[in-house]
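So the structure is just underneath, and the comments pick up after that.
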Amino acid sequence: MLPPPILTIAGSDSSCGAGVQADLKAISALGCYALNALTSVVSETPGRVSKVCLLDADLVADQIRVLLDAFPIAAAKTGMLGGRSQVEAVVQVWKERSLSQLPLVVDPVMVATGGGKLLEDDAIEVVKTQLLPLATLITPNMDEAAVLWDRPVTTRQEMAACAQDLAAAFGTAVLVKGGHLIGAAADVLYMAGEKLHWFESERTVGVQTHGTGCTYSASIATGLGLGMDLPQAIDRAKRYVSAAISDYFAWKGSAGTVHALN
Ligand code: PLP
């Protein structure tokens, strides 16, 4: 059987732990064929963003269009979009091609773990008003959830309330990721009309993760492209990401130790 093509629309991480490179690895490892539309090139290493170059919005739209023309894309994800015009380009193609039935996972990437800014401020409003309503699932971490919700998200109760409010506001399923919670790494899924689902995994201590959010959302999109429902796709993706974290690599160099997901 041919592997379903999965599209990632995201930025390039020169260290290949996050961004489009993380997505390509996850999609391939989980049994699908990876396609990419690049939005930006970031020169970075884990924990350090040096330079960000956003690509022309027409080029972003054109990459998506040519891929849609050529491949039977089964699901898509967005990662780092970078700026307002790149977000608008994605929205424009989704509308002109009537892609509302195509499973779309939106990872609302804003800031790298090391503090580097990956989304311009004036793009946040367009993400909220135009992109999130097109999503099948959005996957904010606690910081991104707080920006979208306009309130702090620090506890399990707040994660659950936030997931329900965002689902109602944007008409999409919401997975709030609690990787920053003390204790087990717990994420909560809310889909309209359903009970909350919690997904938990052991925390691996001592590793500075980079690219876990990218890997997670790409893995979920892959599951959806293979025909899984949301809880099944998230459960498999969570197990894949947790295994990649606990099997991490560490290199010692002049800039200190760098960690990468296996
Ligand atoms: N670099 C790129 C290109 C990304 O897309 C992302 C996250 O989506 C990151 C860096 C951030 O990775 P992390 O916060 O895991 O360091």
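No lab work stands behind these numbers, since they all come straight from the coordinates. Quantities reported herein were computed from a predicted structural model and do not represent experimental measurements. No Cβ is skipped: glycine too gets one built from the backbone with ideal geometry, and neighbour counts run over all protein chains shown.
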Revision key, fill the gap. Here the Kirkwood hydrodynamic radius of the chain, Cα-based and in Å, equals 18.1 Å
Review point. So what's region 1-131 giving for Rg/Rh, alpha carbon basis, Kirkwood Rh from the mean inverse pair distance?
Key: 0.95
Practice item. Between R48 and R97, with labels modelled 7 Å along Cα→Cβ, what's the label distance in nm to one decimal, could you check? Key: 3.8 nm
Check your understanding: Antiparallel as a % of all DSSP beta bridges within region 5-260, to the nearest 5?
Key -> 50 percent
Review point. Arranged from highest to lowest average of other beta-carbon atoms within 10 Å per residue, in what order do the peptides 130-137, 60-67 appear?
Key: 130-137, 60-67
Study note, to complete from the structure: Check: C-alpha center region 117-171 vs C-alpha center region 23-81, spacing in Å is 21 Å
Review point. How many nm is it between the label spots at D62 and A192, if each spot is 7 Å from the Cα in line with the beta carbon?
Key: 3.8 nm
Review point. Which pairs in the list K51/K77; K177/K252; K25/K128; K95/K238; K77/K238 are over 19 Å apart, alpha-carbon to alpha-carbon?
Key: K51/K77; K177/K252; K25/K128; K95/K238
